[in-house]
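Notes to accompany the following structure.
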Amino acid sequence: MSPPSPPHDRGHDRSISAFRPVPRTGVIYVTTEAAKLGFHYGDAEWCNLGQGQPETGALPGAPPRIESVTIHGDDQEYAPVAGLFELREAIADLYNRLYRRGMSSRYSAENVSVSGGGRAALTRAAASLGQINLGHFLPDYTAYEELLDVFGNFQAIPILLEGDRGYGFSVGDLRREILGRGLSALLLSNPCNPTGKHVRGEELAAWVRSCDELDCALLVDEFYSHYVYEDGNEAAPMESAARYVEDVDRDPILIFDGLTKNWRYPGWRVTWTVGPKSVIEAVASAGSFLDGGGSKPMQRAAVGLMSADHVRAETAAIQKVFSKKRRLMIDRLRKMGIVIDVEPEGTFYVWGSTAELPGTLSDGHAFFRAALQEKVICVPGEFFDVNPGKRRAGRPSRFRNHVRFSFGPSEEVVSRALDRLEAMVARAR
């Protein structure tokens, strides 16, 4: 008789067969690795150039920051899955004021669904898609990878963007991909995280027209749409695909945004989806089984942030402060030998290649590891090589020599981090 199996030692981890390993997104991975070396949020010794959030304190010229929220009696109850009606109405009115003045087709509360965070908004939309081909770009937002893999009802089709073309993608390219690959939907961040490439103006208008004409839903992540810059570091107007939609209930345009970046309230977890009423109904229905809805008191507090005057003042302050940090980071990274394919037209990231740096620092992941020893966090470029289902497993990432650097922290933290990286590179030469 075989000896009985020893009891499970609960002091050691073991795999549970019912669950699969779930990878961490880029930002969570790098901060987890930093934590092994002593990093914790709020630690003044560390410089987090990996963070995906902007500085959240007061900025010169910005509206006062909200530091307390009143909780009403009925705020103890669930919020509607689609969000508080008054917030949905305020969001619709904001889009109409900013982007649709003089247009006969205008958004209403029924064109808006509110959710508890950007990933929740995107997940609701993904769960609402049918059995289609959905295009996505490389590189793009790291969290898209699991999002595009967890639902089996659509096929994710990668579209490669080239650094030597400045990550540009013309309207002709767009139409060719839609027709050639049979795309029924296209997902992108605009401005793009990580490259900062921004489709705007007549080019964005042509994208909207083409997707309408070819019946391809355009899913536009606009979370960085107020962090936009003109040549010469000047301020740029806020931009949205909403400006170019002809019929809000017919055109297949879905827009995602929220308080996370453009209002600098990431901890509130208040985001929204704007689109045709029929799609918003489906998105809200998906929320009923995916997440159940967002925080009621935070949604109520967000209503007052939806005035056009507030948004314009906040955006002007953001652009003034972040333009300066953008220029600082671009110039300092180039000085230390990091190649920037294209200066970011939006976001608060710089996407740079370490290929020309000495020794092991030429590899993006090795650069990240070395930077951790300097108490600086950044994100290796391979995380933005969105690869749902790991279908390209075994092949080296096209972005293995790239790193994403965030100028989301304060100017003082950004400057201190660049000093440390510059000294690190100098020692390696």
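The values are calculated or read from the model by the stated rules, or taken from the named source; none is laboratory data. On a predicted model such as this, the values are computed, not experimentally measured, just so you know. With ideal geometry, Cβ positions are generated from the backbone for all residues, glycine too; neighbour counts draw on all protein chains shown.
Evaluate the following for P409: is it buried (at least 17 other Cβ atoms within 10 Å of the Cβ) and in a loop (DSSP other than H, G, I, E, B)?
So P409 passes the test.
For residues that are aromatic (F, W, Y) and within 13 Å of the chain's Cα centre (by Cα), tally how many sit in region 237-276.
1
Based on what the data block shows, is L219 farther than 23 Å from R101 by Cβ and more than 23 Å from the chain's Cα centre (by Cα)?
The answer is no for L219.
Condition test on R124, is it basic (K, R), under 29 Å from Q51 (Cα atoms) and modelled with pLDDT under 95?
no
Exactly one condition in (1) in contact with a Cys (Cβ under 7 Å, 6 or more places away or on another chain); (2) without any contact (Cβ under 8 Å) to a residue 12 or more places away in the chain is not met by D140; state its number.
(2)
Among the residues of region 232-281, write down those that are surrounded by fewer than 18 Cβ atoms within 10 Å (Cβ to Cβ) and part of a helix (DSSP H, G or I).
G232, N233, G267, K277, S278, E281
Just to check your reading of the model, which residue among G352, G346 is touching a residue at least 40 places away in the same chain (Cβ under 8 Å), touching a strand residue (DSSP E or B) at 6+ places or on another chain (Cβ under 8 Å) and more than 18 Å from R420 (Cα to Cα)?
Sole residue among the options that is touching a residue at least 40 places away in the same chain (Cβ under 8 Å), touching a strand residue (DSSP E or B) at 6+ places or on another chain (Cβ under 8 Å) and more than 18 Å from R420 (Cα to Cα): G346.
Restricting the search to region 19-43, which residues are loosely packed, with under 11 Cβ neighbours inside 10 Å, under 17 Å from P409 (Cβ atoms) and in contact (Cβ under 8 Å) with a residue 12 or more places away in the chain?
Within region 19-43, none qualify.
When you scan region 175-197, how many residues do you find that are buried (at least 17 other Cβ atoms within 10 Å of the Cβ) and either at positive phi or within 21 Å of the chain's Cα centre (by Cα) (or both)?
Residues meeting the conditions: 13.
Six or more apart or on different chains, Cβ atoms under 8 Å: show the pairs whose first residue is in region 286-300 and modelled with pLDDT under 95 and whose second is part of a helix (DSSP H, G or I) and surrounded by fewer than 19 Cβ atoms within 10 Å (Cβ to Cβ).
L290/A127
So G352 clears everything in (1) assigned to a helix (DSSP H, G or I); (2) buried (at least 20 other Cβ atoms within 10 Å of the Cβ); (3) not aromatic (F, W, Y) except one condition, right? Which one?
Failed condition: (1).
Given (1) modelled with pLDDT under 95; (2) buried (at least 24 other Cβ atoms within 10 Å of the Cβ), where does P380 come up short, assuming only one miss?
Exception for P380: condition (1).
Show the residue pairs that are 6+ apart or on different chains and have beta-carbon atoms under 6 Å apart, the first residue being within region 56-76 and closer than 17 Å to M306 by Cβ, the second being in a loop (DSSP other than H, G, I, E, B).
R65/A58
Which of the strands (runs of 3 or more DSSP E) found entirely inside region 118-205 contain at least 1 residues meeting this: in contact with a strand residue (DSSP E or B) (Cβ under 9 Å, 6 or more places away or on another chain) and among the aromatic types (F, W, Y)?
Fully inside region 118-205 and qualifying: 133-138.
Answer yes or no as to whether G52 is within 30 Å of L418 (Cα to Cα), surrounded by 19 or more Cβ atoms within 10 Å (Cβ to Cβ), in contact (Cβ under 8 Å) with a residue 60 or more places away in the chain and not assigned by TED's automatic domain parsing to the domain that holds G352.
Judged against the criteria, G52 is not a match.
Return the residues of region 75-87 that are part of a helix (DSSP H, G or I) and closer than 17 Å to G292 by Cβ; say none if nothing qualifies.
Once the filter is applied, which keeps residues that are part of a helix (DSSP H, G or I) and closer than 17 Å to G292 by Cβ, region 75-87 yields D75, Q76, L87.
Could you figure out which of (1) touching a Gly at 6+ places or on another chain (Cβ under 9 Å); (2) closer than 24 Å to Q53 by Cβ isn't true of E356?
(2)
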